[in-house]
Amino acid sequence: MKTLTRLTLTTALAATMALPALAEIRTRTITVSNGVAESHPVGNGVAAMRECIVEKTAGAWTVNAFWSSALGDDLTATQALRSGTQEMVITSSSPLVGIEPALGVFDLPFLFSNSQEADAILDGDFGAFMDEKLEAAGLVNLAYWENGFRNLTNSVRPIQRLEDFDGMRVRVMQNNIFLDTFQALGTNATPMAFGEVFTALETRAIDAQENPYVTIDTSKFYEVQGYLSATQHAYTPFLALFSGPIFNTYSETEQQILRDCAAVGRDEQRRVSRELSDVSLANVQQAGMQFNEISPEEMDRIRAAVEGVYATHAESIGIDVIDRMQAELNALRGN
Ligand code: KDG
């Protein structure tokens, strides 16, 4: 009898202790949008985040996801967060440099050598430093997810050497650093929202675009592009942004749930992104794309052709930002 009483009292005490936390959780609906298809690893990340949220709120919250730029492109959706008319977006950092110029540091060509470096920088002090800048712009970055290392696809020829870029009409994200990088390679670069890329490639309004293998695969670019070359010229992070005005109406308990579950989503999304990268590369070749790697000698020439972009954009990004990034990378590399 005593054991039963003790158990009952323990259970009642535990339930009572949980009450304040649950009491601070209101019924809510979260709208989250993205520019890629739901079959992209971002879909796995959102599903994991949603499962975490439903569990932690005991079903009080609903997460509605919209794909393929259904709620507008990255910049449009991000502005909706700043005005408090949408809760969340998973967006590339690149189209947001007009809101926070320091984000341009992530667009510098060949900045990261591998995903381990990217994770260490994004999940460490540097990422927190950028998050503070975003908060000042009315955006809460809950976590850094992975867009990935970018590679060029085109409908003209394989990129085997630097000269093969000459005159190619390449779509780039709306960002002057990408624009200058591809112009330095000799291309005719055009900024364009992601949602317009497939049609522009299909109608031959442009010859080329650049994205990670999982995006090339899940956005079916293999249907309109014949060549894929492993340029690996930049690593783009995704930002799991939440509206600052809306975030401020959430209790501390609710805010912590958002952060914790966005991190759960991040870990799953990165895992699937890295697991699927080689699968997507095989898929697009199976679908008919001709894939090629580029010799170390030619990669050195390509890197040399774009290194001037760092100096050109140091002031717009912030010399302090670039110095901080370089110092953290040097520390990681044991330099
Ligand atoms: O929401 C993400 C997409 O819209 C886009 O950012 C993906 O890397 C991308 C690109 O090329 O625009």
Report task. Assess whether residue 115 counts as being within 21 Å of residue 263 (Cβ to Cβ), surrounded by fewer than 21 Cβ atoms within 10 Å (Cβ to Cβ) and within 16 Å of the ligand (Cβ to nearest atom). Result -> yes
Query raised in the report: Of the residues 148, 186, 167, which is in contact (Cβ under 8 Å) with a residue 12 or more places away in the chain and within 13 Å of the ligand (Cβ to nearest atom)?
Result: 148
Query raised in the report: How many residues are buried (at least 20 other Cβ atoms within 10 Å of the Cβ) and away from the ligand (no atom under 16 Å from the Cβ) if we restrict to the range 58-105?
Result: 4
Query raised in the report: Can we say residue 186 is within 19 Å of the chain's Cα centre (by Cα), surrounded by fewer than 19 Cβ atoms within 10 Å (Cβ to Cβ) and not in a strand (DSSP E or B)?
Result: no
Report task. Would you check if residue 118 is in a helix (DSSP H, G or I) and either in contact (Cβ under 8 Å) with a residue 24 or more places away in the chain or touching a Pro at 6+ places or on another chain (Cβ under 7 Å) (or both)? Result -> yes
Query raised in the report: What number of residues in the range 134-162 are of a type in the set (Phe, Trp, Tyr) and in contact with a helix residue (DSSP H, G or I) (Cβ under 6 Å, 6 or more places away or on another chain)?
Result: 2
Query raised in the report: Listed residues 219, 243, 229; which is assigned by TED's automatic domain parsing to the domain that holds residue 259, small (Gly, Ala, Ser) and surrounded by 18 or more Cβ atoms within 10 Å (Cβ to Cβ)?
Result: 243
Report summary line: Picking from 208, 184, 189, 200, the residue that is touching a Phe, Trp or Tyr at 6+ places or on another chain (Cβ under 7 Å) and at pLDDT 95 or above would be 189
**Report entry** Residues of the range 207-230 that turn out to be closer than 15 Å to residue 158 by Cα, in a loop (DSSP other than H, G, I, E, B) and within 14 Å of the ligand (Cβ to nearest atom), as a count
**Finding:** 1
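Yes/no matrix, rows are residues, columns are (1) aliphatic (A, V, I, L, M); (2) in contact with a Ser or Thr (Cβ under 8 Å, 6 or more places away or on another chain):
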| residue | (1), (2) |
| --- | --- |
| 136 | yes, no |
| 139 | yes, yes |
| 142 | yes, no |
| 157 | no, no |
| 186 | no, no |
| 191 | no, no |
| 201 | yes, yes |
| 213 | no, yes |
| 217 | no, yes |
Report task. Test each condition in (1) touching a Phe, Trp or Tyr at 6+ places or on another chain (Cβ under 9 Å); (2) within 21 Å of residue 313 (Cα to Cα); (3) in a helix (DSSP H, G or I) for residue 178 and report the one that comes out false. Result -> (1)
Query - Candidates 195, 104, 167 - the one that is outside any strand (DSSP E or B) and touching an Asp or Glu at 6+ places or on another chain (Cβ under 7 Å) - result: 195
**Report entry** Selected residue [in contact (Cβ under 8 Å) with a residue 24 or more places away in the chain, within 14 Å of the ligand (Cβ to nearest atom) and touching a Leu at 6+ places or on another chain (Cβ under 6 Å)] from 200, 240
**Finding:** 240
Query raised in the report: Could you say whether any residue in the range 24-38 is under 13 Å from the mean Cα position of the chain (by Cα), under 27 Å from residue 277 (Cα atoms), part of a helix (DSSP H, G or I) and at pLDDT 95 or above?
Result: no
Query raised in the report: Residues in the range 137-154: is at least one more than 28 Å from residue 47 (Cα to Cα), surrounded by fewer than 22 Cβ atoms within 10 Å (Cβ to Cβ) and modelled with pLDDT of 95 or more?
Result: no
Report summary line: For the range 36-57 the number of residues that are within 16 Å of the ligand (Cβ to nearest atom) and either polar (S, T, N, Q) or over 19 Å from residue 268 (Cβ atoms) (or both) is 2
Query raised in the report: Got a sec? Which of 98, 127 is out of contact with any Leu (no Cβ under 8 Å at 6 or more places or on another chain) and modelled with pLDDT of 95 or more?
Result: 127
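The values are calculated or read from the model by the stated rules, or taken from the named source; none is laboratory data. If you're wondering where the values come from, they're calculated on a predicted model, not measured in any experiment. Quick reminder, even Gly has a Cβ in these numbers, built from the backbone with ideal geometry, and neighbours come from all protein chains shown.
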